[in-house]
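Participant: Okay, here's the structure, questions in a sec.
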Amino acid sequence: MIDPLLDDPGTRIIVCCGSGGVGKTTTAAALGVRAAERGRKVVVLTIDPARRLAQSMGIDSLDNTPRRVKGVRGDGELHAMMLDMKRTFDEIVEAHADPDRAKAILTNPFYQSLSAGFAGTQEYMAMEKLGQLRARDEWDLIVVDTPPSRSALDFLDAPKRLGSFLDGKFIKLLMAPAKMGGRAGMKFLNVGMSMMTGTLGKLLGGPFLHDVQTFVAAMDTMFGGFRTRADATYRLLQAPGTAFLVVAAPERDALREAAYFVERLAADDMPLAGLVLNRVHGSAAARLSAERALAAAENLEEPPEAADTDAPDASDIHDAPDSGHTENLDERRIVDQEAGKAEGRSTSDPSPDAVNSPGDTGSCEDSIERLTAGLLRLHAERMQVLARERRTRDRFTALHPEVAVAEVAALPGDVHDLTGLRTIGDRLAAGGPPAGAA
């Protein structure tokens with residue numbers, strides 16, 4: 001059950017991670033809606049650039065500012081936002097540098113390139129934004145929707161990568177003139193490193209190298225703060241009150257990625273609450289096996305003189321103890337294809353066409369048999385999908401028996417609004433174990 005996790009006031013952060021295309025963004029939004037309608041004050045932070053979260057919550061667009069979601073029932077509140085990497089970086093500069101230095105940084109061409117899409121910047125800014133939201137203490141639950149694929153966990157490496165970058169020889173080389181100061185610094189740069197900077201200038205371009213040096217000199221006093229805040233957020237992710245949910249689909253590749261996430265979280269001592277197995281298929285006639293459905297379909301499709309008398313026909317399936325009465329495979333209740341109507345019609349009640357054209361009875365019966373055979377084959381395909389999903393899930397649980405699994409039944413269509421998110425939340429709550437942050 002997911003509700004104990006959402007209801008626990010000690011749960012302050014839920015991080016949804018997983019590969020792309022498994023419904024991770026929808027899961028994060030559904031968790032936010034359900035938690036808010038159970039009395040929590042929630043903010044959902046999405047790092048995924050997809051716009052589906054805003055659409056499903058009835059918001060025109062999301063940006064770096066949390067926006068209140070209307071239509072939430074109960075006493076809780078729901079806010080949603082999308083990480084704006086550059087704006088978050090700008091906010092850090094404005095908050096931790098004096099006005100003159102901040103202006104020099106913000107107008108620096110290298111900074112503008114770095115803040116707009118430098119490798120690793122998004123993951124670090126995600127750490128910064130999460131730390132900011134938690135420090136404000138305005139919400140009692142933060143739900144984080146991470147980027148798709150394995151990069152979803154790259155933000156766990158952000159402090160380490162940042163430390164390596166700031167302590168690297170290249171950065172120290174660029175910072176040296178600024179640290180020396182005045183003419184001594186220029187003399188050191190011109191004499192001691194003329195060969196090095198000349199080579200770098202040829203490789204990178206003189207103006208670009210100058211922009212980098214200016215940026216590093218301006219950011220020098222802020223580097224320690226970057227590392228400190230990133231380390232603090234990393235510890236926050238490891239602390240009690242944080243819960244990671246790995247989201248996957250019942251497919252081999254998606255569960256292979258899920259296994260990677262599970263193992264990586266365990267290696268980093270991150271608190272895993274469980275696996276959300278999304279879009280699991282089912283059937284109301286699961287007692288009717290694929291084999292029996294195919295045999296019945298073949299029997300209906302064969303000419304009467306060639307039919308195998310031992311194979312079950314449609315009436316056998318209806319009466320068979322393992323058929324499952326909830327799926328309408330009885331040939332006496334068939335969709336009225338000729339009239340284009342969706343309601344059922346008993347074949348014992350003659351249609352107007354049958355009354356007017358008594359000679360067409362055989363053709364009508366053939367159409368019914370063909371339709372019934374098609375339905376049986378569709379059911380057989382569904383049962384084969386169910387069997388494949390079950391085998392894939394069982395392989396995962398055999399490798400990771402310690403991971404609680406909550407299965408979410410597939411919806412017939414996409415989620416477009418709060419009603420759909422509530423339905424996902426209901427199915428998630430009914431689907432199985434994840435029950436509490438470590």
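Participant: Taking a ≥ b ≥ c as the square roots of the eigenvalues of the Cα gyration tensor of segment 26-136, is the shape rounded (a/c under 1.5), prolate (a/b larger than b/c) or oblate?
Facilitator: It comes out prolate by the Cα gyration axes.
Participant: Taking amide H positions as placed 1.01 Å from N in the peptide plane, with prolines and chain starts having none, which residues 5 or more places from residue 243, or on another chain, fall under 5 Å of its amide H?
Facilitator: Residues meeting the amide H criterion: 13, 14, 15.
Participant: What is the set of long-range amide H partners of residue 141 at a cut-off below 5 Å, with H atoms built 1.01 Å from backbone N?
Facilitator: Amide H neighbours of residue 141, under 5 Å, 5+ apart: 41, 43.
Participant: Given a 1.4 Å probe, how much area per residue of segment 1-106 is accessible, in Å²? Can you show the working numbers first?
Facilitator: Details: 4330 Å² over 106 residues.
Heavy-atom accessible area per residue stands at 41 Å².
Participant: Here's another thing I want to ask about it. Going down the list 70/129; 41/103; 70/103, which pairs span over 28 Å between their C-alpha atoms?
Facilitator: Beyond 28 Å: 41/103; 70/103.
Participant: Would you report the distance distribution of C-alpha pairs in segment 102-146 as whole percents per 5 angstrom bin, up to the bin with the largest distance?
Facilitator: Pairs per bin, as whole percents: 5, 18, 20, 18, 16, 13, 8, 2.
Participant: Also, I was wondering about something else. According to a simple spin-label model (label point 7 Å from Cα along Cα-to-Cβ), what is the distance in nm between residue 228 and residue 423?
Facilitator: That separation, rounded to one decimal, is 5.1 nm.
Participant: Diagonalise the Cα gyration tensor of segment 203-277 and give the resulting equivalent ellipsoid semi-axes, square root of 5 times each eigenvalue, largest first, whole Å.
Facilitator: Working from the Cα gyration tensor, I get semi-axes of 39, 20, 8 Å.
Participant: Round to a whole number: what % of the accessible area of segment 1-144 belongs to carbon and sulfur, probe 1.4 Å?
Facilitator: Of the solvent-accessible surface of segment 1-144, carbon and sulfur hold 47 percent.
Participant: Another question, if that's okay. Quick check: residue separation of residue 302 and residue 256 times 0.36 nm, minus the Cα distance between them. What number comes out in nm?
Facilitator: 12.3 nm
Participant: Taking amide H positions as placed 1.01 Å from N in the peptide plane, with prolines and chain starts having none, which residues 5 or more places from residue 20, or on another chain, fall under 5 Å of its amide H?
Facilitator: 149
Participant: Also, quick follow-up: Any chance you could check the Cα centroid distance between segment 1-44 and segment 400-417 for me, in angstrom?
Facilitator: 13
Participant: Looking at segment 1-95, which trypsin sites (Lys or Arg not before Pro) are in a loop (DSSP not H, G, I, E or B) and have at most 13 other Cβ atoms within 10 Å?
Facilitator: Passing both the DSSP loop test and the Cβ count: 70, 73.
The values are calculated or read from the model by the stated rules, or taken from the named source; none is laboratory data. What you see is a predicted model; the values in this text were computed from it and never measured. Note: ideal-geometry Cβ built from the backbone for every residue, glycine included; neighbour counts use all protein chains shown. These area figures cover heavy atoms from the full protein model, side chains too; ligands, DNA and RNA do not enter into them. Shrake-Rupley method; radii C 1.70, N 1.55, O 1.52, S 1.80 Å.
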